[in-house]
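Beneath this line is the structure, given in structure tokens, with notes to follow.
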Amino acid sequence: GAVVSQHPSRVICKSGTSVKIECRSLDFQATTMFWYRQFPKQSLMLMATSNEGSKATYEQGVEKDKFLINHASLTLSTLTVTSAHPEDSSFYICSVLRDLTTYNEQFFGPGTRLTVL
Amino acid sequence: SQQGEEDPQALSIQEGENATMNCSYKTSINNLQWYRQNSGRGLVHLILIRSNEREKHSGRLRVTLDTSKKSSSLLITASRAADTASYFCATDPYNTDKLIFGTGTRLQVFP
């Protein structure tokens, strides 16, 4: 499978600050990446689809001005949590979409644990 | 909610027993996948079953799919303590690249 990295793996920040999380596709170029959020003991919820060279597409209920996504290159997407608050504390996971001949496969990063104090 | 439902939410068994988890979803799909997640870690892809398939095997895993009922099951045979994890089904709704995850089953296998 493909290798996807996320940085940082863990971050603690003060309320009101902004935090940037990077997602890198190390094996191939990807025009599409996804960002998910997972609260403790819950499932993954899709937040947005990151499209290289264009605006991200956000899922219903996700504030685009709070969760800024930049997909500036074919191997890097960033998620910036602006003015973070304790309720934003969560596990953020990215995935990279690879188009295969028979189906589109997503490869997941290891996740970033955000704790907002 | 977009999410599919999984049951049971939690399952505790002894090593050697079989574990069965069920997943129901809401829309027409291209494929259904099962993932495993150890506590606080990333996802591991287990198996994919296409919408035109009814059953698939991979090692100790057996997956079934019933598109008429919009449901799938994951069977882990001869479970091991190392199988302890959360298991999620994920569907890609027809004509999208998105993955919609189920609510998950937390499996605990006691040695």
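Summary table below
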read-out: Selection status of A:Gln38, in contact (Cβ under 8 Å) with a residue 60 or more places away in the chain and in contact with an Asp or Glu (Cβ under 7 Å, 6 or more places away or on another chain); value: no
read-out: The stretch B:1-23 - residue that is of a type in the set (Gly, Ala, Ser) and in contact (Cβ under 8 Å) with a residue 60 or more places away in the chain and, of those, farthest from A:Phe107 (Cα to Cα); value: B:Gly16
read-out: Sole residue being surrounded by fewer than 16 Cβ atoms within 10 Å (Cβ to Cβ) and closer than 26 Å to A:Arg113 by Cβ, chosen from B:Ala78, B:Ala82; value: B:Ala82
read-out: Residue in the stretch A:36-43 that is more than 10 Å from chain B (Cβ to nearest Cβ), surrounded by 15 or more Cβ atoms within 10 Å (Cβ to Cβ) and within 26 Å of B:Leu48 (Cα to Cα) present; value: yes
read-out: Tally, over the stretch B:30-64, of residues that are away from chain A (no Cβ under 14 Å), part of a strand (DSSP E or B) and either in contact (Cβ under 8 Å) with a residue 12 or more places away in the chain or under 21 Å from B:Ala10 (Cα atoms) (or both); value: 5
read-out: Number of the condition not met by B:Asn95 [criteria: (1) on the phi > 0 side of the Ramachandran plot; (2) buried (at least 16 other Cβ atoms within 10 Å of the Cβ)]; value: (2)
read-out: Top-ranked residue of the stretch B:12-58 - restricted to ones that are closer than 30 Å to A:His7 by Cα and in contact with a Pro (Cβ under 8 Å, 6 or more places away or on another chain), ranked as surrounded by the most Cβ atoms within 10 Å (Cβ to Cβ); value: B:Gly42
read-out: Selection count, the stretch A:70-111, where residues are of a type in the set (Val, Ile, Thr) and modelled with pLDDT of 95 or more; value: 5
read-out: Test for A:Lys64: is it modelled with pLDDT under 95, in contact with a Phe, Trp or Tyr (Cβ under 6 Å, 6 or more places away or on another chain) and more than 14 Å from chain B (Cβ to nearest Cβ); value: yes
read-out: Some residue of the stretch B:73-85 being in a strand (DSSP E or B), of a type in the set (Val, Ile, Thr), at the interface with chain A (Cβ under 9 Å from one of its Cβ atoms) and in contact with a strand residue (DSSP E or B) (Cβ under 6 Å, 6 or more places away or on another chain); value: no
read-out: Selection count, the stretch B:10-27, where residues are closer than 11 Å to B:Ile76 by Cβ and in contact with an Asp or Glu (Cβ under 8 Å, 6 or more places away or on another chain); value: 2
read-out: Residue within the stretch A:95-115 that is farther than 21 Å from B:Gly40 by Cα, hydrophobic (A, V, I, L, M, F, W, C) and surrounded by 14 or more Cβ atoms within 10 Å (Cβ to Cβ) present; value: yes
read-out: Some residue of the stretch A:96-105 being more than 14 Å from A:Arg37 (Cα to Cα) and touching a helix residue (DSSP H, G or I) at 6+ places or on another chain (Cβ under 9 Å); value: no
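The values are calculated or read from the model by the stated rules, or taken from the named source; none is laboratory data. Here the structure is a predicted model, which is why all the values come from computation and not from measurement. A quick note on method: Cβ atoms are made from the backbone with ideal geometry, for glycine too, and the neighbour counts reach across all protein chains shown.
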